[in-house]
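A.B. asks: Here's a structure for you.
The values are calculated or read from the model by the stated rules, or taken from the named source; none is laboratory data. These numbers come from a predicted model, not from an experiment. Counting neighbours? That spans all protein chains shown, and the Cβs are built from the backbone with ideal geometry, glycine included.
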Amino acid sequence: MNNMMFGKYIPIDSFIHRLDPRLKIGSLLLLLIAVFFDAGFLGYALLGIFVIIMALLSHIKVSQILKAIKPMLFMMAFLMIFNLLFIQQGNLLVSIGFIKIYDQAVLQTLYIFIRLILIIVMTTILTATTKPLDLTLGIEHLLSPFKRIGFPTHEVAMMISIALRFIPTLLEETQRIMKAQASRGVEFSEGSLKEKILSIVSLIIPLFISAFQRAEDLANAMESRNYNPEAKRTRYKQLIWKISDTISFACVIMICSVLVIMSFVL
Amino acid sequence: MSITFKEVEHTYSVDTPFAYHALKGVNLDIKKGSMTALIGHTGSGKSTLIQHINALLLPTSGQVQIEDVLITATDKPSSLKSLRKKAGLVFQFPEYQLFEETILKDIIFGPKNFGVSEEEAIKIAKDMIQLVGLDESYLERSPFDLSGGQKRRIAIAGILAMNPDILILDEPTAGLDPQGAKEMLQLFKKVNQEGKTVVLVSHDMNQVLEYCDDVVVMNHGRVEKHVTVAELFKETEYLTSLSIDLPIITSFILELNKNGFHIDPSIKDINVLVQEIGGQLNE
Ligand SMILES: Nc1ncnc2c1ncn2[C@@H]1O[C@H](COP(=O)(O)OP(=O)(O)O)[C@@H](O)[C@H]1O
Ligand SMILES: [Mg+2]
């Protein structure tokens, strides 16, 4: 909990940090789609190398990327076990009692593993190199074409930026309450199932109460300053598209096209 | 010696760009049975320091000894639970830790975690609720219907119910009305007089003067002074340099002395002061 890395901005300077947020968000979307085209191990190797280059360019430490993956491991393990057991295609590899594992299942599971790792690493690179405010600004810009059909672009962007803004606050609050309950003898990592449930309850309830309290305070504070979501706004911060952005975007498109073509050819 | 810190360092988020060196070479001996105030600016490391006393935080290096339990960077005490019971910590704004449906359940939550039986815990809860100045009828009410100050009393009752040997309080009177604050401090003094060690983080020098024996001054993650209350308030220049205000009564005495009186500045009690002034006026 103390070293939660996922989704955290890392305030350093790098090539990736300086890229336009619109480019980074757009690229992530394209790459996420590309990940799901089945381009075989060769394709994933290609994408893997590309992601490693991005990670290197972003100056994020390997340890920090590993920390982002760690909290997901449990969920991944869960998914993978289910896949291994329930896909029943191809040749039977192992059979112990009712457990039967097929070679297709192993292959599919490996694919899922690679996909998930790629997705987590790419997302981490985006959030680690883009300030939450820039992220929202980028999202707002990208959504702006939908304004014409009545989509509440600004409201959505505001909601996202408020949510992002409060993630660290909620994490801090979680830590604070965990410590307070630990002082009252709660051991979050030990005990029987019943004790575990009670310890989670002792964390969740105060957390929700304070989150609702915060939400109400924030709403009141905004309202008392006459916040109007529909008002026309100007921006202090302007996004400027640079040559490096164009070149980067070209690279992303190239990689994605190669992957898509490979998935059809192979 | 009941609480001992030896060369304790603490760095938050080690090995990340967010690393922050919050405690720097802290050496400290807090006497058993004393009521010790911990003062210093916001961000000087007070909350960090006290969380080492019940091992919520482990030192990055150095060691902390709580009676017979030794805490260092590498070896967590084998039984955290007994340490948490020994040193009860009341966080700042403890009202946010309440979660049960009734106040009774919330107060007995701590004792039950430490293995006290339900009946025994209920008995303790009845004593504690009165100790913090509320009556037994509150026990069946929901903690969320109370005022902020009442919630805080319940939270403190919840810690006192664990019957800790050491009571640590992080700014317990922040945001309370003066009367409520006074009652809280009288309660802590009473607990102290029953033989418990009390560590009190406070910004109010009047409280420090009136209720505490010793003072620890923190500044930028270091312990700068550990003296008796009387000695601390003699060092007016030092306190001014930290922009810490003197207690009202002390600054009043100093003002009088500037104008020809000769009054002992360590007087704490208003009645003693009045007599002293009267005596000197008659001379
Ligand atoms: N969980 C944390 N992570 C990183 N830095 C922290 C954390 N908690 C406190 N700090 C920093 O450590 C310093 C000391 O904080 P704290 O002990 O809370 O001070 P005090 O209680 O005296 O106001 C502050 O500068 C604060 O920003
Ligand atoms: Mg503090």
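A.B. asks: Any chance the range A:194-209 includes a residue that's within 28 Å of the chain's Cα centre (by Cα) and more than 12 Å from chain B (Cβ to nearest Cβ)?
C.D. replies: yes
A.B. asks: Report whether or not B:ILE107 is buried (at least 17 other Cβ atoms within 10 Å of the Cβ), not acidic (Asp, Glu) and not in a strand (DSSP E or B).
C.D. replies: yes
A.B. asks: Considering only the range B:133-182, state which residues are within 16 Å of ligand 2 (Cβ to nearest atom) and on the phi > 0 side of the Ramachandran plot.
C.D. replies: B:GLU171, B:GLY175, listed by residue number.
A.B. asks: Can you give me the number of residues within the range B:144-154 that are buried (at least 24 other Cβ atoms within 10 Å of the Cβ) and within 11 Å of another protein chain (Cβ to nearest Cβ)?
C.D. replies: 0
A.B. asks: Please verify whether A:GLU173 is outside the structural domain of A:VAL35 (by TED's automatic domain parsing), within 16 Å of ligand 1 (Cβ to nearest atom) and not polar (S, T, N, Q), treating the condition exactly as stated.
C.D. replies: For A:GLU173, the condition - outside the structural domain of A:VAL35 (by TED's automatic domain parsing), within 16 Å of ligand 1 (Cβ to nearest atom) and not polar (S, T, N, Q) - is met.
A.B. asks: Kindly evaluate B:HIS52 against the criterion of being more than 10 Å from ligand 1 (Cβ to nearest atom), surrounded by 17 or more Cβ atoms within 10 Å (Cβ to Cβ), within 14 Å of chain A (Cβ to nearest Cβ) and modelled with pLDDT of 95 or more.
C.D. replies: It is true that B:HIS52 is more than 10 Å from ligand 1 (Cβ to nearest atom), surrounded by 17 or more Cβ atoms within 10 Å (Cβ to Cβ), within 14 Å of chain A (Cβ to nearest Cβ) and modelled with pLDDT of 95 or more.
A.B. asks: B:ILE168: within 14 Å of chain A (Cβ to nearest Cβ) and either away from ligand 1 (no atom under 16 Å from the Cβ) or in a loop (DSSP other than H, G, I, E, B) (or both), yes or no?
C.D. replies: Answer is no for this residue.
A.B. asks: With respect to B:ALA121, is the statement that it is more than 16 Å from ligand 2 (Cβ to nearest atom), modelled with pLDDT of 95 or more and within 14 Å of chain A (Cβ to nearest Cβ) true?
C.D. replies: In short, yes.
A.B. asks: Have a look at B:VAL229, B:VAL216 and point out the one that is on the phi < 0 side of the Ramachandran plot and within 16 Å of ligand 2 (Cβ to nearest atom).
C.D. replies: Answer to the selection: B:VAL216.
A.B. asks: Kindly list, by first and then second residue, each pair from a residue in the range B:10-32 that is within 14 Å of chain A (Cβ to nearest Cβ) to a residue that is modelled with pLDDT under 90 and surrounded by 14 or more Cβ atoms within 10 Å (Cβ to Cβ), limited to pairs with Cβ atoms under 8 Å and residues at least 6 apart or on different chains.
C.D. replies: Correct list of pairs: B:SER13/A:ASN3; B:THR16/A:ASN3; B:THR16/A:GLN64; B:PRO17/A:ILE10.
Listed here are the residues, each with its yes/no results for (1) crowded, with 17+ Cβ neighbours inside 10 Å; (2) of a type outside the set (S, T, N, Q).
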{"site": "B:ILE159", "(1), (2)": "yes, yes"}
{"site": "B:PRO172", "(1), (2)": "yes, yes"}
{"site": "B:PRO178", "(1), (2)": "no, yes"}
{"site": "B:PHE188", "(1), (2)": "yes, yes"}
{"site": "B:GLY195", "(1), (2)": "no, yes"}
{"site": "B:LEU200", "(1), (2)": "yes, yes"}
{"site": "B:ASN206", "(1), (2)": "yes, no"}
{"site": "B:LEU209", "(1), (2)": "yes, yes"}
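A.B. asks: Report, by residue number, each residue of the range B:30-45 that is under 16 Å from B:ALA87 (Cα atoms) and within 8 Å of ligand 1 (Cβ to nearest atom).
C.D. replies: If the condition is that a residue be under 16 Å from B:ALA87 (Cα atoms) and within 8 Å of ligand 1 (Cβ to nearest atom), then no residue fits.
A.B. asks: Moving to a separate point now. Which ones in the range A:186-237 are surrounded by fewer than 11 Cβ atoms within 10 Å (Cβ to Cβ), of a type in the set (D, E, K, R) and at pLDDT below 90?
C.D. replies: Across the range A:186-237, the qualifying residues are A:LYS194, A:GLU230, A:LYS232, A:ARG233, A:ARG235, A:LYS237.
A.B. asks: Go through the range A:1-108 and tell me which helices (runs of 4 or more DSSP H), entirely inside it, have 3 or more residues that are over 26 Å from A:PHE166 (Cα atoms).
C.D. replies: Helices (runs of 4 or more DSSP H) meeting the threshold: A:21-35, A:40-57, A:73-86.
A.B. asks: Please state which of the following conditions A:GLU190 fails to meet, knowing it meets all the rest: (1) assigned to a helix (DSSP H, G or I); (2) within 14 Å of chain B (Cβ to nearest Cβ).
C.D. replies: A:GLU190 satisfies every listed condition except (1).
A.B. asks: Need a quick list: strands (runs of 3 or more DSSP E) entirely within the range B:1-81 having at least 1 residues that are within 16 Å of ligand 2 (Cβ to nearest atom) and closer than 23 Å to B:VAL208 by Cβ.
C.D. replies: B:20-30, B:35-39
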